[in-house]
Amino acid sequence: MHRKLLLYICMSALLSVNFAAQASWRCVLTGGPCVGKSTTLAELAKRGYHTIPEVFTTLFKQAEKNNALDAFFEDMTQLQTNLLIEQLRLESLLPATHTAFLDRSAEDIMAYNRYHNVPVLESLANQVRQYDIIFFLEPLPAHLFQNSDVRRETPEEALVLHNLVKDAYRQRGYKSYQLVDVPFGTPSERAQFILDTVSHVERTYLLVRA
């Protein structure tokens, strides 16, 4: 039987099963710039889930507050290294017993390194762990695309980055069932889609372990 069909049957059969075990999942929300990751992450946080906001945005806002944006962008190699260090630090602080959602991951930062032709320190790359489910948020319709001071890419550049990040996860060996496309919708609709997917995968995981 085709693997994807078997997976679908397993997940569907388990929809009505109640279980007490709550696994710890590390889920990444990703895609190109301005796809709605932050608003969807905020919705997940509002529902009580552990989240990590996008590190680039956090550090950008700190530099902006300190009137240090010129220095922030001056050395792209140092910037990308700082982003990866901070991302790895935040991920290391996540509780081991709760599902968490990340607005991008260390994998994204390394993909952006390739986009900017910036090398990744081997000592940092070796610290990148595997994630459980990668959610690719579908790019917004062109008429809704809005860049900002934080994200300055054009819609065309954003699409290039979207595909680059997607390819990066595939090249790192993630399986097709771990890579999930999230359709366009409201933050609430997208958050519910993501939670439903995690629930399905979790039930399938418990079935395989049984």
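Just so you know, all these numbers are worked out from the coordinates, no wet-lab data involved. None of the values given here were measured: they were computed from a predicted structure. Virtual Cβ from ideal backbone geometry, glycine too; neighbours counted across all protein chains shown.
Want the number for Asn126 to Ala71: 0.36 nm per residue separation, take away the alpha-carbon distance, what's left?
17.0 nm
Sort 24-32, 130-138, 117-125 by packing, meaning the average of other beta carbons within 10 Å per residue, with the highest value first.
So the order, starting with the most tightly packed, is 24-32, 130-138, 117-125.
Within straight cross-link reach of Lys61, meaning Cα distance under 13 Å, which aspartates and glutamates are found once same-chain residues fewer than 8 apart are removed?
Straight-line reach from Lys61, under 13 Å: Asp70, Asp149.
Identify all lysines with a Cα-Cα distance to Lys46 below 18 Å; exclude those on the same chain that are fewer than 8 residues away in sequence.
The reachable lysines, counting only those whose Cα sits under 18 Å from Lys46, are Lys37.
Which cross-chain or sequence-distant (5 or more) residues have an amide H under 5 Å from the amide H of Val182, H modelled 1.01 Å from N in plane?
Excluding prolines and chain starts, which carry no amide H, the hits are Phe136, Leu137, Glu138.
What's the Cα-based Rg to Rh of the range 22-209, Rh via Kirkwood? Write out the running numbers ahead of the final one.
On the way: Rg = 16.3 Å, Rh = 17.1 Å.
So for the range 22-209, dividing Rg by the Kirkwood Rh gives 0.95.
Highest mean first, what order results for 60-70, 82-92 on Cβ atoms within 10 Å?
Answer by packing, highest mean first, reads 82-92, 60-70.
Spelling out what I want: for every residue of the range 180-195, take phi, set θ = phi - 60°, compute 6.51 cos²θ - 1.76 cosθ + 1.60 (Karplus), and round to whole Hz; glycine and proline get x.
Going residue by residue, I get 10, 7, 9, x, 4, x, 6, x, 5, 5, 5, 4, 5, 4, 5, 5 Hz, with x marking Gly and Pro.
Would you please give the residues with an amide H less than 5 Å from that of Leu102, counting only those at least 5 places away or on a separate chain, with H modeled from the backbone geometry?
Cys27, Val28, Leu29, Ile52
Which ³J(HN,Hα) values in Hz, rounded to whole numbers, follow from the phi angles of the range 170-176 under the Karplus curve 6.51 cos²θ - 1.76 cosθ + 1.60, where θ = phi - 60° and Gly and Pro get x?
4, 5, 7, x, 5, 7, 4
Residue-wise, which Karplus ³J(HN,Hα) couplings in Hz belong to the range 40-52, taking 6.51 cos²θ - 1.76 cosθ + 1.60, θ = phi - 60°, and x for glycine or proline?
5, 4, 4, 5, 5, 5, 4, 8, x, 8, 6, 9, 10
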